[in-house]
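Undergrad: Please read through the structure below; I'll follow up with questions.
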Amino acid sequence: MEIPRKFQARSLLELPVEILLHIFSFADYRDICRSAQTCRQLKNIAADETLWRKQAEKCFLVKLGPEDDSWISTFQSYYKRFGKDIPVYQKVRRTWNRLEDYLKVNDPRMLDSLRDPACLDEIKIAEQKIKGSLPGDLRCSLQIHNGQEMNRCFGLLGCMKISSYFRSEVLLDCASMARGYNEDDSELPGCAALTFCFFSRKAQYIALKDIGGFQVGEIFYPTPDNSNQTKTDHFITGYSFLEWFVRFVDDLESGAFPRLNEKIYRFYHEPSCVVLTKECFKASASTCFMPDLSTINPPHFFFVYRITISMDSRADKCLSCQLETRHWIITDDEGREERVDGPGVVGEYPIMTPGAEYSWISCTTFSTTYGNMRGHFTMRCLENGQEIDIECPVFHMKCLPYKTHRDRQQYILQRKKNL
């Protein structure tokens, strides 16, 4: 069908304003700004508030603009702060939104401990101190929440406790990160603390410069090389801030980490790591690798595990029993086995009655990067004195990836050869 000549536009500018606005609604902010520079008519079209409301939502996830400001001003304000990091901003913002929603329901005090956004001047001062730019994903995060208030509550990154050792990591603000930045002549050149625990006095670090064998964005726990006390190896917890942060929030939302005494504990539970005995006794296991208590040279990999046994509330009361002994088979990655038998668990002899549940925490070490444990608990029936063996699932323990000081030196040499 041929369009009548009177309805044919000979140029873009002859199109009705409504059609031009519809066309511009599919453009991105750069195209809109370029078009505004061509002529007065397109400049007027490009100033339409509906366009900039859509751009603010598309680029910066802003759904409610300030009451006393325009949408174009709102977009400009966000662009000034996040413009050069738009490719990562949306995922960082969405991840913070998810974490805030989780904390609103599960830990309002933790939510209140998050600091207000870092302003541009604070970011600028931090970057002046490190003599370079922060990674874009980290910079975006700091401008959403500038870390966590000290001493307000336990650390955002979760807790871990074994015997007299306690870890609770606070997410640091940009000023604290900059103060802890290591100069080029240190053992951790180009790196700054990202988290810090006031109990253990240990930190996770992030590489801010590609020097010293570290790659920008790499997050790690340093550990001493006991074969050379002046050198440092490290366990890697993430390869960029965004990957590290998203994985943590994913695990929180999925329920992988338990909440104990109103605190998040970094035990990871595999859904399949559960065994049912006699259709009423359930045993499950979760584990945590402790890089802050491990070394690579010599190989000494420290793991904490949490066992939970329970009795179904619908079970026959005549099956009520008390734990007497534990029996473990501990196997490392080279097939070496160690058998451990002993009375009780952590010095206690829990009683299982319908609806009862008992959990305890213990630890083990391996000289290999992987190991597993399996075993059972011998119970004594309270009614007739018969033995009942409650099976425990096989649970696996694998250390984090790591690099040694020697690995970093080889990386530096290889880079020099490639230049």
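The values are calculated or read from the model by the stated rules, or taken from the named source; none is laboratory data. Note that this is a predicted model, so its numbers are computed, not measured. Neighbour counts run over all protein chains shown; Cβ positions are idealised from the backbone, glycine included. All accessible areas refer to the heavy atoms of the entire protein, side chains included, with ligands and DNA or RNA removed. Shrake-Rupley method; radii C 1.70, N 1.55, O 1.52, S 1.80 Å.
Undergrad: Per residue of segment 356-368, what does 6.51 cos²θ - 1.76 cosθ + 1.60 with θ = phi - 60° give for ³J(HN,Hα)? Whole Hz please, x for Gly and Pro, Karplus curve as stated.
TA: My calculation for segment 356-368 gives 7, 9, 9, 10, 8, 10, 9, 8, 7, 10, 10, 9, 10 Hz in order.
Undergrad: If you wrap the chain's Cα atoms in a convex hull and average its projection over all directions, what's the area in nm²?
TA: Values: hull surface 128.7 nm².
Over all viewing directions, the chain projects a mean Cα-hull area of 32.2 nm².
Undergrad: Once the piece of chain linking Asn418 and Cys318 is laid out straight, how much longer is it, given 0.36 nm per residue of separation minus the C-alpha distance between them?
TA: Length gained, Asn418 through Cys318: 28.7 nm.
Undergrad: So how long is each side of segment 1-152 along the principal axes, counting just the alpha-carbon atoms, biggest first, in Å?
TA: 74, 40, 31
Undergrad: Dividing the alpha-carbon radius of gyration of segment 174-216 by 2.2 N^0.38 Å (N being the number of residues), what value is obtained?
TA: Working: Rg = 10.3 Å, N = 43, 2.2 N^0.38 = 9.2 Å.
That ratio works out to 1.12.
Undergrad: Residues of segment 355-419: accessible area per residue at 1.4 Å, in Å²? Write down the numbers at each step before the final one.
TA: Working: 3750 Å² over 65 residues.
Ligands and nucleic acids excluded, the figure is 58 Å² per residue.
Undergrad: Next question, about the same structure. Please enumerate, by chain and number, the lysines with C-alpha under 27 Å from the C-alpha of Lys43, excluding those fewer than 8 residues away in the same chain.
TA: Reachable lysines: Lys6, Lys54, Lys58, Lys63, Lys80, Lys84.
Undergrad: In what sequence, largest accessible area first, do Ser284, Ser141 appear using a 1.4 Å probe? Don't skip to the answer; put the middle values down first.
TA: Details: Ser284 25, Ser141 5 Å².
The residues order as Ser284, Ser141, largest area first.
Undergrad: Given the Cα atoms of segment 255-410, and with Rh set as the inverse mean 1/r over their pairs in the Kirkwood sense, what is Rg to Rh to two decimals?
TA: Working: Rg = 17.7 Å, Rh = 17.0 Å.
Computed over Cα atoms, the ratio is 1.04.
Undergrad: Taking the full set of protein chains and a 1.4 angstrom probe, give the accessible area of Ser254 in square angstrom, rounded to the nearest 10.
TA: Its heavy atoms expose roughly 80 Å² to the probe.
Undergrad: Can I ask one more? If packing is taken as the average count of other Cβ atoms within 10 Å, what order do 272-280, 186-194 fall into, highest mean first? All intermediate terms of the calculation are to be shown ahead of the outcome.
TA: Values: 272-280: 14.6, 186-194: 20.2.
Taking the mean over residues of other Cβ atoms within 10 Å, the ranking is 186-194, 272-280.
Undergrad: With the other protein chains left in place, how much accessible area per residue, in square angstrom, belongs to segment 187-261 at a 1.4 angstrom probe?
TA: On the way: 2810 Å² over 75 residues.
Accessible area per residue: 37 Å².
Undergrad: To the nearest 20 Debye, how big is the dipole of the chain about its Cα centre, given +1 on the beta carbon of each Lys and Arg and -1 on that of each Asp and Glu?
TA: Values: 54 positive and 56 negative charges, 294 e Å.
It works out to roughly 1420 debye.
Undergrad: So what J values fall out for segment 340-345 if you push phi through Karplus, 6.51 cos²θ - 1.76 cosθ + 1.60 with θ = phi - 60°, rounded to Hz, Gly and Pro as x?
TA: Values per residue, Gly and Pro as x: 10, 10, x, x, x, 9 Hz.
Undergrad: Computing the accessible area with a 1.4 Å probe over protein heavy atoms, can you report the carbon and sulfur percentage for the chain?
TA: On the way: 10980 of 22060 Å².
Carbon plus sulfur share of accessible area: 50 percent.
Undergrad: Can you tell me which lysines have their Cα less than 22 Å from the Cα of Lys282? Leave out same-chain residues fewer than eight positions away.
TA: Cross-link targets: Lys317.
Undergrad: Which ³J(HN,Hα) values, rounded to whole Hz and listed in residue order, are derived for segment 179-188 from phi using the Karplus coefficients 6.51, -1.76 and 1.60 in 6.51 cos²θ - 1.76 cosθ + 1.60 with θ = phi - 60°, glycine and proline given as x?
TA: In residue order, the calculated couplings are 5, x, 5, 8, 6, 4, 8, 8, 6, 10 Hz.
Undergrad: Please give every one of the lysines within straight-line cross-link reach of Lys403, meaning a C-alpha to C-alpha distance under 23 Å, and leave out same-chain neighbours fewer than 8 residues apart.
TA: Lys202, Lys209, Lys231, Lys416, Lys417
Undergrad: Right, next: With a 1.4 Å probe and every protein chain left in place, work out the accessible area per residue of segment 26-185 in Å², rounded to a whole number.
TA: Details: 8560 Å² over 160 residues.
Per residue, segment 26-185 has an accessible area of 53 Å².
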